[in-house]
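Okay, so here's the structure we're looking at.
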Amino acid sequence: MSDHRIDPKTKRCRICGKGEAEILGSDPQPPCDTERIQAERDHLHSRVESDLSYHKPTDQTVSDRLEANRAHGKQLAHFLIENCPPGRELSMALTNLQQAMMWANAALVINQ
């Protein structure tokens, strides 16, 4: 544990990000937990290296599941296009379907 380090320009603690007013308010603030904060940062750095890297499918099962996701996603997209009137809502539905497919595929390859 250490004391807050207020940046004179931003008026925020350089360690935990709390504002000067929040720290100097009527209630005494606990000191920064630098070890916990650094552990969270280290964890996030390792997630960045893993999550933002290319993950090639390692076996045919994963490749088959990726293809099945794409096929079902396309089928649903075509269904929505035929059954919903054109407009913002349909556009949002298709955009969110694309995002859902991206996350589903990421789940398959990142966690293989």
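The values are calculated or read from the model by the stated rules, or taken from the named source; none is laboratory data. As the structure is a prediction and not an experimental result, all values here were calculated from the model. Heads up, the Cβs are rebuilt from the backbone with ideal geometry, glycines too, and the neighbour counts pull from every protein chain shown.
A quick yes/no check of all residues on (1) touching a His at 6+ places or on another chain (Cβ under 9 Å); (2) not assigned by TED's automatic domain parsing to the domain that holds K11:
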residue: I23; (1), (2): yes, no
residue: Q38; (1), (2): no, no
residue: S46; (1), (2): no, no
residue: L66; (1), (2): no, yes
residue: G73; (1), (2): no, yes
residue: L76; (1), (2): no, yes
residue: L80; (1), (2): no, yes
residue: N96; (1), (2): no, yes
### Query
Which members of the range 60-88 meet the condition of being of a type in the set (D, E) and either farther than 21 Å from W103 by Cβ or touching a Lys or Arg at 6+ places or on another chain (Cβ under 7 Å) (or both)?
E82
### Summary
Expected single match for in a loop (DSSP other than H, G, I, E, B) and either at pLDDT below 85 or under 30 Å from H4 (Cβ atoms) (or both) among P30, P57, P85 is P30
